[in-house]
Amino acid sequence: MTYRFRDLLALEPLSADELTFLLDQSKLFQEIQRHPLKKLATLRGKTVTLAFFENSTRTRISFSTAASRLGADTMNLQAEASSLKKGESLLDTVYTLNAMKPDCLVMRHAASGAADFVARNLDIPVINAGDGTHEHPSQGLLDALTIRDRRGSIENLKITILGDIQHSRVARSNIHLLGKFGGQFTLCGPAMWVPRELENIGPPGCVIRRVSRIEEGLEDADVILVLRVQTERMYEPTLSAEEYILLYQLNAERLRLANPNALILHPGPMNRGVEISPEVADGPQSCVLEQVTNGIAVRMALLFLLMSGATEGGEGALADEASGAPNASPEKKESTHAAD
Ligand code: NCD
């Protein structure tokens with residue numbers, strides 16, 4: 001099995017086998033996180049540009065840490081301080097960054113399709129770190145890895161997604177991934193955030209139902225994905241934070257309606273006490289911190305695959321590292337740039 005794309009823009013086009021391959025690759029990098037010395041030299045001499053046109057804390061730090069643990073350097077574009085504020089176009093900005101000769105671009109942008117647009121105009125691998133309401137593929141992968149680690153499998157799960165599904169790229173990436181493994185989805189939230197069209201966004205044959213009462217939504221769930229409530233999307237007087245808490249907060253009492261071993265995922269940042277109660281966020285079923293840890297492994301695997309031109313996995317490279325052999329010199333490991 002190989003990864004046949006030059007970029008990672010979305011999970012929707014990937015097959016179940018390709019997704020399994022990416023999760024398996026991430027396992028190798030999870031092991032490295034458990035070592036006291038976490039730094040490899042696999043991508044030494046390579047540079048990753050992190051272009052976050054939209055604010056981000058954990059995703060940017062996670063990609064940056066993943067790059068540095070592989071020995072790569074990073075260039076950082078901070079949205080607030082960038083020339084975008086002076087009127088420069090997205091394409092001019094990325095052409096400028098590309099002229100500094102990075103080997104990969106990781107980008108986040110508020111517009112759906114922005115990463116795809118940039119990838120079509122650049123000759124280096126592009127990783128989508130979240131584009132508008134479209135997809136957040138590395139988040140979908142780290143969520144699946146976390147579930148697979150806890151349950152042993154991601155097959156045939158009943159997944160309940162709570163909150164603003166309409167605007168959630170995390171929800172979409174999860175549906176595209178877990179739906180390919182027989183996942184059935186229950187979407188639950190205020191009607192304005194769970195429109196009917198969402199029933200058709202999954203892969204062929206994927207069952208997606210919408211419910212308005214959280215009690216009904218949680219019944220029998222194996223996995224509960226709690227989404228952040230974006231207060232800027234709350235429309236007083238249609239919905240206030242108090243009403244949201246009353247109707248949709250995942251609290252201990254409601255959690256008892258789900259499967260007793262149901263896992264709770266939240267992509268962060270959490271609004272404690274709004275979409276999730278503190279006792280649930282910190283309880284034994286919560287996977288929130290494992291998700292963060294796994295994010296680094298997934299992103300190391302992605303950077304490794306896209307930047308080293310590796311096609312058959314990381315074992316060779318990692319084994320070389322362990323024995324102290326200086327592998328993956330820039331001369332030897334040119335990116336294959338397979339067409340996507
Ligand atoms: C998510 C995002 O930005 O899409 N966060 C993240 O990447 N961990 C979800 C969110 O911001 O609510």
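Numbers at a glance
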quantity	calculated
Helices (runs of 4 or more DSSP H) lying entirely in the stretch 155-254 (those with 1 or more residues that are touching a Pro at 6+ places or on another chain (Cβ under 8 Å) and under 16 Å from residue 133 (Cα atoms))	169-179
Failed item in (1) surrounded by fewer than 13 Cβ atoms within 10 Å (Cβ to Cβ); (2) more than 27 Å from residue 178 (Cα to Cα); (3) in contact (Cβ under 8 Å) with a residue 12 or more places away in the chain; (4) not polar (S, T, N, Q), with residue 246 passing the rest	(3)
Residue tally, condition at pLDDT 95 or above and either on the phi > 0 side of the Ramachandran plot or in contact with a strand residue (DSSP E or B) (Cβ under 7 Å, 6 or more places away or on another chain) (or both), over the stretch 213-225	8
Test result for residue 147, surrounded by 24 or more Cβ atoms within 10 Å (Cβ to Cβ) and either outside the structural domain of residue 307 (by TED's automatic domain parsing) or farther than 24 Å from residue 304 by Cα (or both)	yes
The stretch 155-167: number of residues that are in contact (Cβ under 8 Å) with a residue 40 or more places away in the chain and surrounded by fewer than 24 Cβ atoms within 10 Å (Cβ to Cβ)	4
Members of the stretch 255-283 that are touching a helix residue (DSSP H, G or I) at 6+ places or on another chain (Cβ under 8 Å), within 16 Å of the ligand (Cβ to nearest atom) and not in a loop (DSSP other than H, G, I, E, B)	264, 265, 272, 281
Matching residues, the stretch 1-25, being part of a loop (DSSP other than H, G, I, E, B) and open to solvent by less than 10 Å² (accessible area, probe 1.4 Å)	7, 11, 14
Matching residues, the stretch 51-70, being polar (S, T, N, Q) and modelled with pLDDT under 95	55, 56, 57
Yes/no for residue 233 being under 23 Å from residue 178 (Cβ atoms), within 16 Å of the ligand (Cβ to nearest atom) and open to solvent by 30 Å² or more (accessible area, probe 1.4 Å)	no
Condition broken by residue 269, with the remaining ones in (1) over 20 Å from residue 168 (Cα atoms); (2) open to solvent by 30 Å² or more (accessible area, probe 1.4 Å) satisfied	(1)
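The values are calculated or read from the model by the stated rules, or taken from the named source; none is laboratory data. What you see is a predicted model; the values in this text were computed from it and never measured. Quick reminder, even Gly has a Cβ in these numbers, built from the backbone with ideal geometry, and neighbours come from all protein chains shown. These area figures cover heavy atoms from the full protein model, side chains too; ligands, DNA and RNA do not enter into them. Shrake-Rupley method; radii C 1.70, N 1.55, O 1.52, S 1.80 Å.
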